[in-house]
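Single-structure report; data block below.
The values are calculated or read from the model by the stated rules, or taken from the named source; none is laboratory data. Only a predicted model underlies this, so the values are computations on that prediction, with no experimental measurement involved. Here the Cβ is made from the backbone with ideal geometry for all residues, glycine too, and neighbour counts use every protein chain on show.
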Amino acid sequence: MGQLWSFEFQKIVGRKLIRVGLLAYGVLILIILSNSRVDFLDIFDQNGRHLHGKEALEYELKMAEQYRGPVTEEKVDALLAQEKQGAKNAGMNEAEYRLRTDWITGTAGVIWEEAPLSNPELQNSLQIGYTRGWETTLLSIESLFLIMGFLIIVAVSPVFSEEYGCGMDALLLTGKYGKTKCITAKIMASFTFSVVLTILTVFSSMVSMLWQYGTEGFEASLQFGSRGLFWEVPWEVSCFHGFLLVVGFGIAGAVLLSSLVLLVSAAVSSSFVSVLISILIYVLPIVLIFRFGLLSFDQFLSIMPSGDFNVAMLLSMQGVSVTGNEIPMWSINLLLTAAGVLAVLLGGRKIFGGHQVKSS
């Protein structure tokens, strides 16, 4: 079984198109991470001084240390007063200064004056800390996940459908282990490719963050960040907890997407058609969610793989009410992922075999 898995995995990564895709994806990772370097950090301090790069980072860390800990009314008042004075010293209006000042001061101004959190009670339960490194990294990871989905589709779509094109389906299904070990090896190799690609994406982003920011702020509330990554999530999420959520659901999304693509691949005799159908399944939820204001429709779209790759949206989506109890959408998503794996393992070979019989 191990040799079959290795053979199928090498078939996936050995295709020239996939190698080119992996190379392009690696270059894209470098570009995205390069654009989020500390060297590009550019802020104004409370005295109106213009700070760049590591000097700006050191100032932000100093501010985070000064206000570290639970949010209090005194801290908020001090930060808002500091923002007003800083804007005056820098010769800017407060809205402009808010975008260009240190992370802590800018975040306080946004949350308490510009865009309050969806749950007002949450504002008073936040832990202040330096979240820039974590939030920037998690945003990069989620952006890369969405792009990664297309690479998974292109890599996994030919797993079954390619066998139809080269006539190997009949040989596979009449062989001693064709309907058992060979098909299982194909499925497991596809899952392995998707999960490994997800882990490598996370690893590259985390190495960049640790090198530049360290682990500073891991206990701080992720909602205390002016980029608003988890603003809609109705409970407090620390940076480290948010990281675990992004990684865990990212892996779940990769597995769910692979399951859907494998089912399409088993049912369709053309790799090209398999890719097109899989891309439609993947892209439509991204394009259509929140377009029509239909809650049930949005709930359905949120549990698709793209929802896993945007975990804050999935966690903040209103749950489904059953007999007076609300079932969160993230739990339905995980159930769908498990069902997808079972459907492929149990139904994939039946679909593949049935298609071969029909085509003979």
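Things worth noting here:
- Any hit, the range 30-43, residues being in a helix (DSSP H, G or I), surrounded by fewer than 15 Cβ atoms within 10 Å (Cβ to Cβ), of a type in the set (Ser, Thr, Tyr) and on the phi < 0 side of the Ramachandran plot: yes
- Any chance Glu74 is under 23 Å from Met209 (Cβ atoms), outside the structural domain of Leu23 (by TED's automatic domain parsing), loosely packed, with under 13 Cβ neighbours inside 10 Å and out of contact with any helix residue (DSSP H, G or I) (no Cβ under 6 Å at 6 or more places or on another chain): no
- Where a residue in the range 280-293 is closer than 19 Å to Val261 by Cα and touching a residue at least 60 places away in the same chain (Cβ under 8 Å) and its partner, wherever it lies, is assigned to a helix (DSSP H, G or I) and of a type in the set (S, T, N, Q), with Cβ under 6 Å and at least six apart: Ile286/Ser306
- Number of the condition not met by Leu57 [criteria: (1) buried (at least 19 other Cβ atoms within 10 Å of the Cβ); (2) modelled with pLDDT under 90]: (2)
- Meets criteria (assigned by TED's automatic domain parsing to the domain that holds Ile141 and closer than 28 Å to Glu162 by Cβ) for Val246: no
- Selection within the range 115-132 - of a type in the set (Ser, Thr, Tyr) and more than 13 Å from Ser238 (Cα to Cα): Ser118
- Considering residues of the range 204-237 that are part of a loop (DSSP other than H, G, I, E, B) and of a type in the set (Phe, Trp, Tyr) only, the residue nearest to Pro70 (Cα to Cα): Phe224
- Residues being touching a residue at least 60 places away in the same chain (Cβ under 8 Å) and farther than 19 Å from Leu210 by Cβ are represented in the range 26-33 by at least one member.
- Flag if Gln299 is free of Cβ contacts under 8 Å to residues at least 40 places away in the same chain, surrounded by 15 or more Cβ atoms within 10 Å (Cβ to Cβ) and closer than 30 Å to Glu135 by Cβ: yes
- Qualifying residue in the range 85-99 (condition: of a type outside the set (S, T, N, Q), at pLDDT below 90, touching a Phe, Trp or Tyr at 6+ places or on another chain (Cβ under 9 Å) and within 22 Å of Tyr213 (Cβ to Cβ)): no
- Selection of the range 100-125 for residues being over 16 Å from Thr72 (Cα atoms), free of Cβ contacts under 8 Å to residues at least 60 places away in the same chain and in a helix (DSSP H, G or I) yields Arg100, Glu114.
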